[in-house]
1. Can you tell me which residue in the range 110-125 is surrounded by the most Cβ atoms within 10 Å (Cβ to Cβ), limited to those that are touching a helix residue (DSSP H, G or I) at 6+ places or on another chain (Cβ under 7 Å) and assigned to a loop (DSSP other than H, G, I, E, B)?
2. Take the range 126-141 and flag every residue that is under 12 Å from Phe153 (Cβ atoms), surrounded by 14 or more Cβ atoms within 10 Å (Cβ to Cβ) and of a type outside the set (A, V, I, L, M).
3. Among the numbered conditions (1) within 21 Å of the chain's Cα centre (by Cα); (2) at pLDDT 85 or above; (3) not in a loop (DSSP other than H, G, I, E, B), tell me where Leu77 comes up short.
4. Collect the residues in the range 146-166 that are in a loop (DSSP other than H, G, I, E, B) and farther than 26 Å from Glu85 by Cα, keeping them in residue-number order.
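The values are calculated or read from the model by the stated rules, or taken from the named source; none is laboratory data. The structure presented is a predicted model; accordingly, all values stated were derived computationally and were not measured. For neighbour counting, all protein chains shown are included, and Cβ atoms are generated from backbone atoms with ideal geometry for every residue, glycine included.
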Amino acid sequence: MSDRSITIQLPEELLTYIDTQAQLTRTSRTETIVRLLQCAMDKSTADVEGIMARIDALERQVAEWVACSDGKVIEELQARVSALERKRAIDVKNTTTPDPRGSEAEWMTVKEAFIWLGGDPHDPSSGVTSLDGRRSIGFHRFRVLKAADYRAFGLEFQSDRRRKQQPCLRPLLSSNK
């Protein structure tokens, strides 16, 4: 490889560091810069090679795990989803709802209502769907809806309760949907 001459601009503190290194090693600026660049490139290459080796090892582990699972992973995930769906159905049945005879549903916070509808407020990709299926929104948008918007999700909203920092949402009566 032949040497080529280049001109570069360096910050003053870097130039001072290079000069100090050149004096300590009794080499020229050029030799010091070349040595420092080679060390940096060797370290970078070693870092990349180390990362690639770790990725290869992880890929082998995942392949072994999948091979050993013999389809049981999918069955386990399906069982968990089914259990969550059954739990949600039971939760919905056990939730207090307005009764025409005058008993009052339990008021929920916006976060509780989002969870009641099946969302996870801590998961940015989680959302809830309106009763007609036309809208699906995450918690960030759900928490600032207006009364009419909450109705689309089957919820009654009381702004005076929100102003008092009280739970402000409850399921609508079937006749009010």
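1. Once the filter is applied, the top-ranked residue is Gly119.
2. Answer for the range 126-141, where residues must be under 12 Å from Phe153 (Cβ atoms), surrounded by 14 or more Cβ atoms within 10 Å (Cβ to Cβ) and of a type outside the set (A, V, I, L, M): Gly127, Thr129, Ser130, Arg135.
3. (2)
4. Of everything in the range 146-166, those that are in a loop (DSSP other than H, G, I, E, B) and farther than 26 Å from Glu85 by Cα turn out to be Lys146, Gln158, Lys164, Gln165, Gln166.
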